[in-house]
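Here is the structure we will look at, set down as structure tokens.
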Amino acid sequence: MKVKRILILSISVLLMVSLSSFAQTRLSGKVSDRVGKSIPFANVYPLGSFDGTLADSLGRFDFTTKVNFPIKLIAGHRNYEPDTIVIRGAEQTKTIIFRLRPFNTRRLQEVVVSASSMRIGDRKGQVIMKPLDVYTNPAGGGDLSMALRQMPGLQDVGTEEGFFVRGGSGSETTISIEGIRVKRFYDKNNLNAPSRSRFETGMFRGLSLATGGYSAGKQGGLSGLLELQLAGKQSSLVSVGLSPLFASVGAGYLTPGKCFYIEQNITVSNPEVVKLFLKPEYKFPKTNANLVYTNRLVWTPSDRDNIRALVLVKRDLSSIQGPIPSHMGNSSVHYDGANSYVFGMCGWTHALKDGKTSTHLSIGGSRDDNSLDIDHKPATTPLANIKTREGDTQVRLRLNSRISQIRLATGVDYTFTHAIIKHSRAQPLSPLSEHEVGLWGEALIPLGDRCSIETGLRTEYSDLCHSAIFLPRIALAMRLHSTGTLSLDMGRYAALGDYYVRYGILPKRREQAYQANLTYEWRPSQHHLLRFQLYDKEYKSMTLIDPLHHTNHEGKGYSRGFDAFWKATGLVPNIEHWISYTYTDAKRSWLRVHSLERPDFVATHTASAVIKYWCKPISSLFNLSLSYRTGMRYQDPNEKSPLYYNKETPGVFSMSASYNYPFMIKKITGVVVLSVQNLFNSDPTYGYLFSKTPDSSGVYPSVRLSTPYRQFYLLGIFFNIGIDRRKEIMNTNL
């Protein structure tokens with residue numbers, strides 16, 4: 001009997017070892033070019049897996065994976081075309097040899113077409129940021145727009161939402177999802193603080209922010225363009241997120257044939273806990289709550305067709321009370337808001353049989369209904385109610401083709417915009433209704449082995465201003481050496497501006513901007529980037545408002561400056577960092593400012609840094625964010641000056657930190673997140689709000705503009721059943 005037990009135990013141990021060996025497959029080999037020269041720091045990973053590694057300085061790699069045979073192993077490097085080898089059995093795992101082909105000049109278009117573009121989510125070496133960078137940036141608090149404000153070229157205004165790009169206002173940057181413009185990207189009805197994005201970062205696989213030039217095929221603004229691409233198919237899952245501020249639950253389902261995926265999510269928020277951090281002069285008099293429903297779909301009915309769709313529905317109730325200046329003494333204003341928002345889009349990509357031509361059709365639209373009650377305490381003026389309704393419908397068709405090494409693209413866009421405002425204490429304003437049609441074409445042409453040129457032309461017609469406009473674009477790139485690229489892009493850009501809801505102005509003409517960007521980019525490896533950029537932007541036909549509220553388009557301006565950006569992973573073991581600096585010299589005559597002056601949303605110097613440290617002994621990620629900008633201009637009516645903006649605020653410094661801890665309990669994977677914003681509990685000054693009427697001594701009273709709260713803490717837990725998504729909100733590969 002004893003011998004029998006020993007025999008059974010021995011067989012069991014052998015089976016366990018065998019199964020363990022089967023579950024963990026070791027892959028080793030080398031990455032080289034076509035002539036056998038080693039390629040250092042190439043990225044090697046199995047398709048559809050989180051496993052993988054970087055080759056060493058001699059091109060060698062060695063790692064283990066849990067992926068079963070056959071294994072599709074991919075090797076990639078920014079200077080070489082990626083290659084895939086299928087490993088079908090254990091006998092092929094020890095001497096895997098990749099021989100990569102160098103990119104020809106057509107590869108340059110990914111860097112040059114949007115020379116100022118920041119690409120996020122591309123694993124093949126074009127990465128500047130990834131979606132997890134949004135989550136792990138403590139200054140962003142998980143919000144896309146706030147996290148990106150620490151990138152070069154962007155300003156942190158402090159009291160207003162939006163992407164303020166290189167001397168441009170927040171409304172001068174357009175945001176699109178799969179090519180469909182998002183008319184209202186942010187929440188509404190906030191007081192003296194920027195609103196958050198309505199869209200959760202996790203639903204996107206890629207984010208590209210162009211702070212300068214972009215091609216003719218894209219509907220952009222005067223200053224910038226943020227493009228969002230929907231995430232693809234994933235394994236079936238159930239996800240839950242919990243924090244004192246919100247609770248979310250979602251589920252995704254992938255069909256057995258893996259051709260259809262649908263994911264739905266519901267989030268309920270109630271920021272009552274924020275009351276603990278509010279300054280004494282701010283209150284939440286009534287309910288603050290919102291409900292968000294999202295539905296994302298990916299369908300590949302054939303090898304040549306891909307369909308993606310997104311629906312977002314949001315209902316938001318807000319109530320906040322804060323101080324305002326008054327010639328009668330202390331006063332406050334009470335905002336009560338109710339907002340309903342719906343956004344939907346669908347995109348279909350079809351590849352023709354010739355392998356050289358593809359078409360992309362996008363259809364989308366949105367509707368925003370908002371009601372805001374404004375009440376002063378004590379009641380110096382009657383209660384005001386402002387109701388707005390905005391609608392947006394778009395259709396876009398794009399055709400891509402290739403003739404030899406020349407890439408061609410052409411397309412047509414149609415947009416219908418409708419908006420109406422009702423103000424209880426103002427004369428009715430005529431509704432805004434616009435039909436706009438855009439036609440465009442562009443070509444990417446290689447010029448030898450190291451150069452490429454892209455040229456394009458876009459023309460737009462608007463029935464609102466009864467005119468058409470031609471917008472030429474051109475970009476030239478030259479590879480100076482294996483890791484360095486120099487590019488120059490120039491173009492003309494135009495937009496009607498977002499003046500109807502904000503200022504009650506029906507636009508009559510397009511505002512215009514001419515841009516030129518000179519960029520040098522150095523990428524010694526996939527995880528190391530250094531970029532310098534000089535830019536010049538000239539404005540014309542800007543909107544001016546006279547004292548009688550009449551408008552004309554005689555305004556003008558300029559914005560010139562310099563950007564520097566450095567991001568690296570692993571220079572110091574287990575540490576990732578990015579550092580950015582922007583110098584901006586901007587002046588414009590715009591709205592009520594009739595002479596060339598620096599706008600009140602531009603700081604001359606802006607710098608920021610984000611540092612991440614992965615502590616292996618305790619499996620934790622520590623993140624630190626620092627930012628500084630010089631002061632911004634504001635108007636003080638108590639000071640006599642020929643300038644409209646006659647004073648400047650002090651500089652603003654802020655520091656935030658966060659901690660991420662990943663865990664796995666059987667099939668449940670998740671992350672615990674703790675963040676602290678405004679680590680030093682500073683009280684920044686963003687400007688001053690002055691009364692329209694002086695007091696009895698002739699002085700205009702004022703209220704200092706700052707954040708409604710000082711230090712803010714957030715604790716959250718996110719977990720999934722069915723798929724490991726921890727790397728979407730933290731990075732453990734430092």
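The values are calculated or read from the model by the stated rules, or taken from the named source; none is laboratory data. The shown structure was predicted, so the numbers you read here are calculated from the model rather than taken from an experiment. Please note: Cβ atoms are built from the backbone with ideal geometry, for glycine as well, and neighbour counts cover all protein chains shown.
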Out of the residues in the stretch 242-269 that are over 25 Å from the mean Cα position of the chain (by Cα) and buried (at least 16 other Cβ atoms within 10 Å of the Cβ), state the one that is farthest from ALA289 (Cα to Cα). PHE260
Just a yes or no: is a residue in the stretch 406-427 among the hydroxyl-bearing types (Ser, Thr, Tyr), assigned by TED's automatic domain parsing to the domain that holds GLY329 and not in a strand (DSSP E or B)? yes
Check the stretch 534-548 and report whether any residue there is surrounded by 18 or more Cβ atoms within 10 Å (Cβ to Cβ), acidic (Asp, Glu) and either within 27 Å of the chain's Cα centre (by Cα) or in a helix (DSSP H, G or I) (or both). no
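Given the options VAL157, VAL127, VAL134, name the one that is among the β-branched types (Val, Ile, Thr), part of a loop (DSSP other than H, G, I, E, B) and either at pLDDT below 85 or out of contact with any helix residue (DSSP H, G or I) (no Cβ under 9 Å at 6 or more places or on another chain) (or both).
Sole residue among the options that is among the β-branched types (Val, Ile, Thr), part of a loop (DSSP other than H, G, I, E, B) and either at pLDDT below 85 or out of contact with any helix residue (DSSP H, G or I) (no Cβ under 9 Å at 6 or more places or on another chain) (or both): VAL127.
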Boolean, LEU73 is assigned to a strand (DSSP E or B), under 25 Å from GLN234 (Cβ atoms), in contact (Cβ under 8 Å) with a residue 60 or more places away in the chain and touching a strand residue (DSSP E or B) at 6+ places or on another chain (Cβ under 8 Å): no
Just wondering, is there one or more residues in the stretch 556-567 that are aliphatic (A, V, I, L, M), in a loop (DSSP other than H, G, I, E, B) and either at pLDDT 90 or above or more than 24 Å from LEU225 (Cα to Cα) (or both)? no
Selected residue (criterion: farthest from SER706 (Cα to Cα)) from residues of the stretch 284-336 that are among the small types (Gly, Ala, Ser) and part of a strand (DSSP E or B): SER302
Identify the residue in the stretch 155-186 that is within 12 Å of the chain's Cα centre (by Cα), touching a residue at least 60 places away in the same chain (Cβ under 8 Å) and under 25 Å from GLN533 (Cβ atoms) and, among all such residues, is surrounded by the fewest Cβ atoms within 10 Å (Cβ to Cβ). THR174
Among the residues of the stretch 62-100, write down those that are basic (Lys, Arg), under 11 Å from ARG26 (Cα atoms) and more than 36 Å from the chain's Cα centre (by Cα). LYS94
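Can we say GLY631 is touching a Gly at 6+ places or on another chain (Cβ under 8 Å) and either closer than 16 Å to GLY142 by Cα or not in a strand (DSSP E or B) (or both)? Full working, then the answer.
Values: touching a Gly at 6+ places or on another chain (Cβ under 8 Å): yes; either closer than 16 Å to GLY142 by Cα or not in a strand (DSSP E or B) (or both): yes.
Yes.
For (1) charged (D, E, K, R); (2) in a loop (DSSP other than H, G, I, E, B); (3) closer than 24 Å to ASP498 by Cβ, each residue gets a yes or a no:
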position	(1), (2), (3)
PHE199	no, yes, yes
TYR214	no, yes, yes
LYS218	yes, yes, yes
LEU226	no, no, yes
LYS233	yes, yes, no
GLY241	no, no, no
GLY252	no, no, no
GLY257	no, yes, no
State whether the residues of the stretch 614-628 include one that is over 30 Å from TYR539 (Cα atoms), free of Cβ contacts under 8 Å to residues at least 40 places away in the same chain, in the same structural domain as HIS528 (by TED's automatic domain parsing) and buried (at least 16 other Cβ atoms within 10 Å of the Cβ). yes
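Which is within 27 Å of the chain's Cα centre (by Cα), of a type in the set (Gly, Ala, Ser) and assigned by TED's automatic domain parsing to the domain that holds ASN660, of SER595, SER589, SER580? Break it down into steps so the answer makes sense when it comes.
Values: SER595 fails: within 27 Å of the chain's Cα centre (by Cα); SER589 fails: within 27 Å of the chain's Cα centre (by Cα).
That would be SER580, the only listed residue that is within 27 Å of the chain's Cα centre (by Cα), of a type in the set (Gly, Ala, Ser) and assigned by TED's automatic domain parsing to the domain that holds ASN660.
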Can you tell me how many residues within the stretch 484-530 are farther than 26 Å from GLY438 by Cα, part of a strand (DSSP E or B) and of a type in the set (Ser, Thr, Tyr)? 5
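With the condition kept exactly as written, say whether any residue in the stretch 352-360 is aliphatic (A, V, I, L, M), out of contact with any helix residue (DSSP H, G or I) (no Cβ under 7 Å at 6 or more places or on another chain) and either buried (at least 16 other Cβ atoms within 10 Å of the Cβ) or under 27 Å from SER248 (Cβ atoms) (or both).
First, the residues of the stretch 352-360 that are aliphatic (A, V, I, L, M): 352.
Now drop any that are not out of contact with any helix residue (DSSP H, G or I) (no Cβ under 7 Å at 6 or more places or on another chain), which leaves 352.
Filter again for either buried (at least 16 other Cβ atoms within 10 Å of the Cβ) or under 27 Å from SER248 (Cβ atoms) (or both), leaving none.
No, that holds for no residue.
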